[in-house]
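A.B. asks: My questions all concern the structure below.
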Amino acid sequence: MPKSQQILKRIEIHRLKNLIDLTIDFTEQPLTAILGPNGVGKSTILHAISCVNNPVNLPFATINHKLSEFFTPTTHSVWTGSRYDIYQDFRDGQNVTTDHLTKFRKQHERWSPRYITRIERYSSFIGIRTCVPRIETETQQGRIRFNTTPLNDSISNQVRILAGEVMNRNYLLYNEHKTGNSKKYIGVSYNGLDYSSLSMGAGEQRIFYILSEVIKAPNYGLIIIDEIDLLLHQDALFRLLERLNRIATQKNLQIIFTTHAQSILLLNYIAVRHLYQTPTKTLCFTKTKPDALQRLTGYQLRPLEIFVEDDLAFSLIKKICAEEGMSKYVSIKEFGAAINCFTAVCGSILNNLDNQQNMLFVIDGDEYKTDDEKKDKINRVLTGTTAHHDTQRQLAFERISQFVISDNTKPEKYYHTLICAIEDTALISEQLEIVQVARQIGNPGDSHKYFDDIIIRMDFSRDVGLSKLVDILALSPEWTNIKINIKNWLNQKRVDIVE
């Protein structure tokens with residue numbers, strides 16, 4: 001009985017081209033985006049993933065990609081020493097296997113293991129060559145005559161409809177054009193015009209190809225797309241991603257793609273994996289913000305640097321710095337999800353950044369509260385067994401701090417509770433109106449919406465709203481405890497920084 005319900009859990013790359021000691025998880029969302037600067041190794045990851053499964057013949061035959069296709073030996077490199085591990089789940093009849101490990105190695109002339117031992121799975125790799133306009137690959141220069149057949153099957157109809165939604169066009173027909181020498185071209189009817197792929201724009205052509213591959217994939221298929229944003233306007237890209245997510249969710253597909261479009265950070269249904277290369281390790285950030293990554297290669301603007309999770313934490317730090325008279329000395333940057341704190345602090349150490357002793361990485365206080373939890377996450381990024389590695393891990397640990405909040409609660413909910421409890425007599429009229437609105441919000445359904453709903457009801461811009469809410473929070477008796485760790489750090493730095 002063939003394998004079924006396959007899931008790619010993660011890839012652990014020990015060394016592959018310029019990728020070093022990198023782990024990427026693929027189970028957070030149906031869509032996973034891999035971002036990073038040119039040359040960091042995004043396409044290398046896709047090439048490695050494309051070769052982990054054996055092809056299938058049903059419902060459509062898939063291509064048997066082999067590592068020599070993407071890692072062809074040359075005079076400059078035979079890829080000896082390349083190593084990566086793949087973890088997959090799958091069902092084999094009534095038996096369910098989890099975290100099945102396949103080790104891919106290039107020790108001598110051939111890669112191991114033997115290809116026949118790979119787990120079978122429907123997999124489709126969509127590379128850069130699909131971006132080349134069909135007219136640029138056409139060799140015939142004389143008149144091309146073909147017979148046209150409308151494509152009315154279920155898959156083709158879905159492709160036509162969804163492509164029209166992505167392109168904001170009403171395609172009336174989706175056709176196949178075939179010449180006498182058996183060349184085939186897709187074609188459409190739109191706005192009174194009939195045209196083939198020879199007349200299509202490259203972006204329009206690729207949309208049809210991507211949608212066709214995704215729609216015809218069976219349940220639990222794997223779709224791999226290099227540079228998904230290439231040739232697409234942002235609006236079309238967002239519409240395409242929304243429809244890919246819908247299909248992937250319905251059919252339990254995994255769609256993994258690379259992109260340079262940082263605008264996709266706005267889309268919360270995509271799991272973002274942002275790569276950054278240090279001299280000794282490739283780091284992977286999750287749900288990150290660009291400014292923290294940029295700092296790993298840029299220069300500090302102010303002598304003190306504090307890195308935080310999000311814009312609320314940003315506003316809290318701004319308030320604390322203002323109260324301590326240190327605002328002009330502090331630069332604040334966001335790193336995104338809490339887990340990125342450990343990647344960012346370790347990245348600063350691995351990159352041997354200047355000013356490390358004046359950096360503080362602050363988490364919200366609801367996750368990784370204990371020292372043991374922090375050290376465990378640091379150990380996962382800073383591996384190694386020498387005394388030098390121990391010193392690096394200790395430095396990383398010392399640069400991490402947190403807000404002090406109540407146990408077993410989310411920051412926004414906790415701060416909302418404190419704001420609602422402030423005495424009316426302690427508030428000016430505008431603050432009183434804000435607090436009265438806050439008291440009307442009992443259960444918004446999402447902890448992040450405790451502040452969001454207040455800001456929307458008061459018609460504030462987000463930065464202004466957060467600033468006003470933090471000003472009110474600072475009137476709470478608990479404010480002194482919330483800020484104590486950051487206040488103490490600023491006071492320790494004051495002696496060296498303030499003239």
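A.B. asks: Calculate, for residue 138 and residue 263, the FRET efficiency according to 1/(1 + (r/R0)^6) with r their C-beta to C-beta distance and R0 30 Å; round to the nearest 0.05.
C.D. replies: On the way: r = 34 Å, r/R0 = 1.12.
That pair, residue 138 with residue 263, gives E of 0.35.
A.B. asks: Run the numbers on the range 296-401 and let me know its relative contact order in percent, using alpha-carbon pairs under 8 Å that are six or more apart. Mind dumping the intermediate values first?
C.D. replies: Working: 133 pairs, mean separation 32.9, N = 106.
Relative CO of the range 296-401 lands at 31 percent.
A.B. asks: Counting other beta carbons within 10 Å of each Cβ, put 395, 304, 266 in order, fewest first. Can you show the working numbers first?
C.D. replies: On the way: 395 17, 304 22, 266 8.
In order of increasing Cβ crowding within 10 Å: 266, 395, 304.
A.B. asks: When a/c is below 1.5 the answer is rounded, else prolate if a/b is larger than b/c, else oblate, so apply that to the range 208-354 with a ≥ b ≥ c taken from the square roots of the Cα gyration tensor eigenvalues. Don't jump to the answer; show the numbers that get you there.
C.D. replies: Values: a/c = 2.81, a/b = 2.18, b/c = 1.29.
Taking the square roots of the gyration eigenvalues as a ≥ b ≥ c, the range 208-354 is prolate.
A.B. asks: Okay, moving on. From the phi of every residue in the range 168-184, what ³J(HN,Hα) in whole Hz does the Karplus formula 6.51 cos²θ - 1.76 cosθ + 1.60 yield, where θ is phi - 60° and glycine or proline is x?
C.D. replies: 6, 9, 9, 6, 7, 9, 10, 10, 10, 10, 10, 8, x, 9, 6, 6, 10
A.B. asks: On to the next question. Could you point to the residue in 200, 141, 161 farthest towards the positive end of the range 134-200's charge dipole, with +1 and -1 charges on the Cβ of Lys/Arg and Asp/Glu respectively?
C.D. replies: Highest projection toward the positive end goes to 141.
A.B. asks: Counting only residues 5 or more places away or on other chains, whose amide H sits under 5 Å from the amide H of residue 29 once H atoms are built in the peptide plane?
C.D. replies: Answer set, sorted by chain and number: 271.
A.B. asks: With labels modelled as points extended 7 Å from the Cα through the Cβ direction, what inter-label distance (nm, one decimal) is found for residue 234 paired with residue 115?
C.D. replies: For residue 234 paired with residue 115, the spin-label model returns 4.2 nm.
A.B. asks: Sequence gap at least 6, Cα distance under 8 Å: using those rules, report the relative contact order of the range 134-200 to the nearest whole percent.
C.D. replies: Working: 86 pairs, mean separation 20.7, N = 67.
The normalised contact order for the range 134-200 reaches 31 percent.
A.B. asks: Okay, moving on. Which of 84, 195 comes first, and how do the rest follow, when ranked by fewest Cβ neighbours within 10 Å? Let's see the in-between values first.
C.D. replies: Numbers: 84 23, 195 15.
Listing 84, 195 from fewest to most nearby Cβ atoms yields 195, 84.
A.B. asks: To the nearest 0.05, how large is the calculated FRET efficiency for residue 421 and residue 91 if R₀ is 35 Å and r is the Cβ-Cβ distance?
C.D. replies: 0.10
A.B. asks: With +1 on the Cβ of every Lys and Arg and -1 on the Cβ of every Asp and Glu, and nothing else charged, how large is the dipole of the chain about its Cα centre, in debye rounded to the nearest 20?
C.D. replies: On the way: 59 positive and 57 negative charges, 466 e Å.
It comes to approximately 2240 debye.
A.B. asks: Next question. Quick one: what are the phi-derived ³J(HN,Hα) couplings along the range 425-438, Karplus 6.51/-1.76/1.60 with θ = phi - 60°, whole Hz, x for glycine and proline?
C.D. replies: With the stated coefficients, the range 425-438 comes to 5, 8, 10, 7, 4, 5, 5, 4, 4, 5, 5, 5, 5, 4 Hz.
A.B. asks: Can you put 132, 381 in order, fewest other beta carbons within 10 Å first? Write down the numbers at each step before the final one.
C.D. replies: Working: 132 12, 381 23.
Ascending Cβ contact count within 10 Å gives the list 132, 381.
A.B. asks: How high is the FRET efficiency from residue 429 to residue 66, r the C-beta distance, R0 60 Å, rounded to 0.05? Before the final figure, lay out each step's value.
C.D. replies: Working: r = 72 Å, r/R0 = 1.20.
With a Förster radius of 60 Å, E is 0.25.
A.B. asks: Here is a follow-up. At 7 Å along the Cα-to-beta-carbon direction for both residue 78 and residue 379, put a label point, then send me their distance in nm to one decimal.
C.D. replies: So the two model labels end up 3.9 nm from each other.
A.B. asks: Please give me, ordered by residue number, the trypsin sites (Lys or Arg not before Pro) of the range 1-101 that lie in loop per DSSP and have at most 13 other Cβ atoms within 10 Å. Write out the running numbers ahead of the final one.
C.D. replies: Working: sites: 3, 9, 10, 15, 17, 42, 66, 83, 91; in loops: 3, 17, 66.
Sparse-neighbourhood loop trypsin sites (Lys or Arg not before Pro): 66.
A.B. asks: Evaluate the relative contact order of the chain (contact order divided by residue number), counting alpha-carbon pairs under 8 angstrom at least 6 apart; express in whole percent. If you can, show how the numbers build up before the last one.
C.D. replies: On the way: 821 pairs, mean separation 65.5, N = 499.
Answer for the chain is 13 percent.
Only the coordinates and a few stated rules stand behind these numbers; no lab work does. Everything numeric here is computed off the predicted structure, so don't read it as measured data. Counting neighbours? That spans all protein chains shown, and the Cβs are built from the backbone with ideal geometry, glycine included.
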